[in-house]
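The values are calculated or read from the model by the stated rules, or taken from the named source; none is laboratory data. On a predicted model such as this, the values are computed, not experimentally measured, just so you know. Using ideal geometry, Cβ is built from the backbone for each residue, glycine included, and neighbour counts are taken over all protein chains shown.
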Amino acid sequence: MPSARKEALRFLVPLCALLLVLVAIRTAMPSSWVVTLPLFILTIGLFAFVLYFFRDPNRAVPADEALIVSAADGLVVGVDEMEEPDFHLGPMVRIAVFLSVFDVHVNRTPSDSRVKGTVYRAGKFLDVRHPQSSQLNECRSWLLETPHGDIAVRQIAGLIARRIVAWAGEGTPLARGQRFGMIRFGSRTEVFLPAGCTVLVKIGDRVQGAATPIARWPETG
């Protein structure tokens, strides 16, 4: 399966090439350093930022299988009930997480599941804190079949994020906490859960993908 490291190479390789060009210019024309030094420093800064942005730390998934884990790192900005819009699953609990450019942007699977379907929708690139971003922005939604019923995860592009990356496809089995994609440079991730789930987070909480429980499945039997 593709990874954040491979995504980072799309940016690191051109930056390395630019650094080599700047060094070559400096070697051939020593007096050019006054001009090339700012570009060299800027390129090194961008290189460091790309390494930081595409970091993908391992996470310890809670042992309790009744727990549903966060699909993303970031700040909880919404906990409400609404009609699931992409797969017509009816009224569901939506938990929305805002990811700044400083958060890990790899998305994780909330529960053991199988990808039942995925749909991409073109749209705008509003700031994901905008109330209408969930309805108007470019997004990719995932329908996940779990032992407890279907859930949905939505990756939403933002003002800076212009690329939603999918690492799984229809029929792919996913373990709880497994990586399935990412959104580049600031975004929003929403999880839609059955109304019977017990929500464990509130607006303003900070969560970590795969590690932070956001809800619990209803007891059966």
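Quick notes on this one:
- Comparison of A72, A96, A48 shows that the only residue that is outside any loop (DSSP other than H, G, I, E, B) and assigned by TED's automatic domain parsing to the domain that holds L193 is A96.
- Test: residue in segment 87-94 that is free of Cβ contacts under 8 Å to residues at least 24 places away in the same chain and either surrounded by fewer than 24 Cβ atoms within 10 Å (Cβ to Cβ) or on the phi > 0 side of the Ramachandran plot (or both): yes
- Filter pass, G177 being at positive phi, in a loop (DSSP other than H, G, I, E, B) and modelled with pLDDT of 95 or more: yes
- Residue in segment 179-193 that is farthest from A152 (Cα to Cα), counting only those that are in contact with an Asp or Glu (Cβ under 8 Å, 6 or more places away or on another chain) and crowded, with 24+ Cβ neighbours inside 10 Å: M182
- Checking each residue of segment 19-42 against the condition of being touching a Phe, Trp or Tyr at 6+ places or on another chain (Cβ under 9 Å) and closer than 26 Å to W167 by Cβ gives no match.
For every residue, the table says whether it meets (1) surrounded by fewer than 18 Cβ atoms within 10 Å (Cβ to Cβ); (2) in contact with a helix residue (DSSP H, G or I) (Cβ under 6 Å, 6 or more places away or on another chain); (3) at pLDDT 90 or above; (4) aromatic (F, W, Y).
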site: R121; (1), (2), (3), (4): yes, no, no, no
site: D127; (1), (2), (3), (4): yes, no, no, no
site: A168; (1), (2), (3), (4): no, no, yes, no
site: A195; (1), (2), (3), (4): yes, no, yes, no
site: A210; (1), (2), (3), (4): no, no, yes, no
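- Restricting A63, A72, A48 to those that are under 13 Å from the mean Cα position of the chain (by Cα) and either more than 30 Å from V21 (Cβ to Cβ) or without any contact (Cβ under 8 Å) to a residue 60 or more places away in the chain (or both) reduces the list to A72.
- Boolean, R26 is under 23 Å from the mean Cα position of the chain (by Cα), at pLDDT below 85 and outside the structural domain of I203 (by TED's automatic domain parsing): no
- The residues in segment 95-117 that are closer than 15 Å to A166 by Cα and surrounded by 22 or more Cβ atoms within 10 Å (Cβ to Cβ) can be counted, and the count is 5.
- Single match in R26, R55, R59 (criterion: basic (K, R) and exposed (fewer than 15 other Cβ atoms within 10 Å of the Cβ)): R55
- Check on E83, more than 21 Å from the chain's Cα centre (by Cα) and in a strand (DSSP E or B): yes
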